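The values are calculated or read from the model by the stated rules, or taken from the named source; none is laboratory data. Quick caveat: nothing in here was measured; it's all calculated off a predicted structure. Using ideal geometry, Cβ is built from the backbone for each residue, glycine included, and neighbour counts are taken over all protein chains shown. Please note that ligands, DNA and RNA were not included when accessible areas were found on the heavy atoms of the full protein model with its side chains. Shrake-Rupley method; radii C 1.70, N 1.55, O 1.52, S 1.80 Å.
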Amino acid sequence: MFKHAQLESVKAWVLDPANRALPLHARIQRAIRQLILDGALDAATPLPASRALAKSLEVSRDTVESAYSQLHAEGFIERRVGSGSFVSERALRLPGRGTAWRLGPLRVPLRLSQRGAAMYRAGGVRDFLTPRPFAPGLPETRTFPLPTWERLERQVLKDWGTTALLHSPPQGMEPLRRAIANYVNLERGAHATPERVLVVTSSQQALTLCATVLLDVGDRIFVEDPVYHGARKAFDAAGLECVPIPLDAEGMQVGHLRQVRQPGKAVFLTPSHQFPTGATLALDRRLDIIDWAQQHQAWIIEDDYDSEFHYEGKPTACVQGLDPHQRTIYIGTFTKSMFPGLRTAFMVLPPELVAPMTAARTLLDGHSAPIAQLTLARFMEGGHFGAHVRTMRAVYRERRDVLEQLVRKHLADFVEPEVPDGGMQMPCRFIRDIPELEAVGAAQRAGIDLLGLTPLHASGAFRPGFLMGFAAYAPTELEVAVKNLAVVLRVLDR
């Protein structure tokens, strides 16, 4: 029999504000289905006549009939002319009926592939979702010229119409590829054409493509030490052997590449502002790496993630623009220069890599959103991107200088800042015996996000510390956060 308690459960489903988006008949249908799945209604249990249930629920009979018809179509109930509606015998065969919807531990241990297990152990790459001081890599978004962006987006929709609602070509929309090629040629000294540009979702996606398309499991790739954690995790997940190469004030010590007996098949660089040290790779070393790559037929993967923000003199031309042998894959992103929600990055590829990289990209997410691509293209072509970068370059330089002064004033007993020539974050090394992991955890509990430096290093010859992002925080916000961090470190130093 359909008991009073079960009727009340159906009423609760109907009246629950969380279900208001569903039509009445769907709420009734799902409520009864859940009772069957939970085992509250056994096979052959009669359901109330549609007229009686409609009266109890204070709905029309047609509404209940619609709910019953859907349950019958799905096989949950049987309807017999002259006898009424009953829970189907097939309900007995529902796996784990009565317990399936109560979450519990798996009876069989979870088994992942070796690659899946490696990715899970590494923890993925987790972005800082909210701009809490001092989350690194986050740009200032509160001053972004939204009215201009909205106007350009309306123009795109007007000019392109419903075409903008369709799939983008997997290589990216031609207007954006053209704008990117023009920009990197002019501002970064690259050698790019629209045909060689591949639009991707993020630099992380670009790194994954490089790791899986260019190298096989077990292949060696040389990486900076310390190295950007997103790159290291992408390479590890692909089964590559990462060989760390030490740094000095002029970037990667390229001479070590030639000393390694077994040459690698690629080298990963952040030459404009090395992550996390901020060092700029010297010109002679760039040329030496290009010569090494040509000699060993290896690839150079150049991540130019925040090259727009250089504060001391003019930025050095990108490695790709210096490479006559076309062994360099250039990666750039708009996440840092504009806003993270745009989710647009790009690769400038040697001609022979365009087709295989594009094909591989279709297996990841197919394509990037056309409306955002076309709006970005107009933003760049209209000079708005360049103006925004120039404005933010001045803002970020001021914030870097403010952070340096605050660190030297309030944190001088604990850390020494390493002031970068560019970028959006500042490394600080401990000068006291303070556990890095405890400091990062305690700061997080105090509302402060720091990125510890130890996980970025492969060798043990370094001082622990943390990375402090400054781009997304006004000087007053930086001051409050630094003072709060001083309290945290003072407690740990007792």
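The helix-based estimate of mean residue ellipticity at 222 nm for the chain, built from -39,500 (n - 2.57) per DSSP H run of four or more residues and divided by its residue count, is -13000 deg cm²/dmol to the nearest 500. Computing FRET efficiency as 1/(1 + (r/R0)^6) for Arg445 and Val125, where r is the C-beta to C-beta distance and R0 is 22 Å, gives about 0.45. Taking a Cβ cut-off of under 10 Å around Arg51, the surrounding Lys, Arg, Asp and Glu residues balance to a net charge of +1, with basic ones at +1 and acidic ones at -1. Once mean projected area of the Cα convex hull in nm² is calculated for the structure shown, the corresponding label among (i) 24.5; (ii) 30.7; (iii) 21.9 turns out to be (ii).
For the peptides 358-369, 266-277, 327-338, what is the packing order when you average, over each peptide's residues, the other Cβ atoms within 10 Å and list the highest mean first?
266-277, 327-338, 358-369
When a/c reaches 1.5 or more, the comparison of a/b and b/c decides; with that in mind, is segment 1-83 rounded, prolate or oblate per its Cα gyration tensor? Judged from the Cα gyration tensor, segment 1-83 comes out rounded (a/c under 1.5).
On a per residue basis, the chain carries 48 Å² of accessible surface, using protein heavy atoms and a 1.4 Å probe. Suppose the chain between Leu157 and Val419 were pulled fully straight at 0.36 nm per residue; how much longer would it get relative to their current alpha carbon spacing? My answer for the length gained is 89.9 nm.
For the pair Leu7 and Asp248 in one chain, pulling the backbone fully straight at 0.36 nm per residue adds 79.4 nm over the alpha carbon distance. Would you mind counting up the charge near Glu436? Only other residues with Cβ under 12 Å from its Cβ, with Lys and Arg at +1 and Asp and Glu at -1. Value of the local net charge: +1. For segment 296-360, the square roots a ≥ b ≥ c of the C-alpha gyration tensor eigenvalues yield an a/c of 1.5 or more together with a/b not exceeding b/c, which makes the shape oblate.
For segment 276-430, the square roots of the Cα gyration tensor eigenvalues, ordered a ≥ b ≥ c, give a/c of at least 1.5 with a/b no greater than b/c, which places it in the oblate category. Rounded to the nearest 20 debye, the dipole size of segment 185-240 about its Cα centre is 80 debye, using +1 on the Cβ of Lys and Arg and -1 on the Cβ of Asp and Glu. Name all residues of segment 254-276 having a backbone nitrogen under 14 Å from the label point set 7 Å from the Cα of Gln295 along its Cα→Cβ direction, giving them as ranges. Residues 254-264 fall inside that zone. The simple Förster model, with R0 at 51 Å and r as the Cβ-Cβ distance, assigns Asp38 and Arg115 a FRET efficiency of 0.85.
Leaving out same-chain residues fewer than 8 places away, which lysines sit with a Cα under 20 Å from that of Lys265? The qualifying lysines are Lys233.
Distance between the 7 Å Cα→Cβ label points at Val395 and Leu15: 5.0 nm.
Multiplying the residue separation of Val480 and Glu174 by 0.36 nm and removing their Cα-Cα distance gives an extension gain of 105.6 nm.
The protection proxy used here, the mean number of other Cβ atoms lying within 10 Å of each residue, ranks peptides 200-213, 41-54 as follows, highest first: 200-213, 41-54.
The residues packed around Val200, meaning those with a beta-carbon under 11 Å from its beta-carbon, carry a net charge of +1 if Lys and Arg are +1 and Asp and Glu are -1.
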